[in-house]
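Down below is the structure, laid out as structure tokens.
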Amino acid sequence: MTTDLPELLALHPVFASLSEADRARLDDWAIPKTYRPGEAVTLAGDRWPYLFLVAEGSILALKESSEGRSLIVAEMGTEEVFWGLAFFEAEMPNPVTLQCREAAKLYLWRREDVQPLLLANGRLTWELARTMVRRMLRASEVIEGLAFQPIAGRLARFLLEQVSPDGQSVPRSLTLDELAARLGTSREVVCRALYRFADKNLISVTRTEFILTDRNGLARLVEGD
């Protein structure tokens, strides 16, 4: 996968409609930044007027509770576009912290540089709006799961969505804390739920993976049965 910005822009659904000259301007205005795993791109409460494109790695949007728990409300992978709220509303603080899950490379653009291009190119603005709608739908699904689905159902859904191509296992690439942040709970609750799944022969837990021994049973938990 290329990280060359001109090629990324030419192939990207948001930017491909721009003329070659306008993409060249974006290339000139771009601020390349690299980040270490766990490093914050920007913090909740910051006024951060940037649009960015992920060239490498993945970025987590984290919401912190008053009790100190973290909830992952979104994850942006390679070639995804995201922004601080101040990119559109200058005085609007970030509602979430953006943190690198792994080493990442981003291309950033300042609001003042890109705004004239957005105003002059309706197709670019339209594609950004479509991206925003898809992101809102994803966030809505997360909120709906937290509000209406018990932890067992949320955990079962996660395992079924992360299953490997062989359809039988899920690599243990996340720590219990990271898994808890995705499900909106604590590591202790996740740990107990995993043990219950294992006791009911829904999964088998090894050092490197979760083996799904009863996918139908997990699916019933997702459905609330």
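The values are calculated or read from the model by the stated rules, or taken from the named source; none is laboratory data. Note that the structure is a prediction, hence the values are computed from the model and not measured. Positions of Cβ are generated from backbone atoms using ideal geometry, with glycine treated the same way; all protein chains shown enter the neighbour counts.
Tabulated data for the structure shown
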| item | result |
| --- | --- |
| Selection count where residues are under 24 Å from the mean Cα position of the chain (by Cα) and part of a loop (DSSP other than H, G, I, E, B), scope segment 5-22 | 5 |
| Residues of segment 196-217 satisfying the condition of being surrounded by fewer than 16 Cβ atoms within 10 Å (Cβ to Cβ), over 25 Å from the mean Cα position of the chain (by Cα) and part of a strand (DSSP E or B) | Ser204, Val205 |
| Single unsatisfied condition, Arg172 versus (1) loosely packed, with under 15 Cβ neighbours inside 10 Å; (2) under 12 Å from Leu155 (Cα atoms); (3) in contact with a Phe, Trp or Tyr (Cβ under 7 Å, 6 or more places away or on another chain) | (2) |
| Subset of segment 50-106 [assigned to a strand (DSSP E or B), surrounded by fewer than 18 Cβ atoms within 10 Å (Cβ to Cβ) and at pLDDT 90 or above] | Glu56, Lys105 |
| Residue satisfying condition, being hydrophobic (A, V, I, L, M, F, W, C), out of contact with any strand residue (DSSP E or B) (no Cβ under 9 Å at 6 or more places or on another chain) and not assigned by TED's automatic domain parsing to the domain that holds Leu43, within set Leu137, Leu176, Leu124, Leu119 | Leu176 |
| Pairs where the first residue, in segment 9-25, is closer than 16 Å to Val81 by Cβ and the second is among the hydrophobic types (A, V, I, L, M, F, W, C) and part of a loop (DSSP other than H, G, I, E, B), C-beta under 8 Å, 6+ apart | Leu9/Phe15; Leu9/Ala16; Leu9/Leu18; Ala10/Ala16; Arg23/Phe15 |
| Check on Arg220, surrounded by 13 or more Cβ atoms within 10 Å (Cβ to Cβ), touching a Gly at 6+ places or on another chain (Cβ under 6 Å) and assigned to a helix (DSSP H, G or I) | no |
| Of all residues making up segment 107-122, the number that are surrounded by 12 or more Cβ atoms within 10 Å (Cβ to Cβ) and either among the small types (Gly, Ala, Ser) or touching a residue at least 24 places away in the same chain (Cβ under 8 Å) (or both) | 9 |
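Yes or no, residue by residue, for (1) modelled with pLDDT of 75 or more; (2) over 13 Å from the mean Cα position of the chain (by Cα); (3) part of a helix (DSSP H, G or I); (4) among the small types (Gly, Ala, Ser):
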residue: Gly145; (1), (2), (3), (4): no, yes, yes, yes
residue: Gly153; (1), (2), (3), (4): yes, yes, yes, yes
residue: Arg157; (1), (2), (3), (4): yes, yes, yes, no
residue: Gly167; (1), (2), (3), (4): no, yes, no, yes
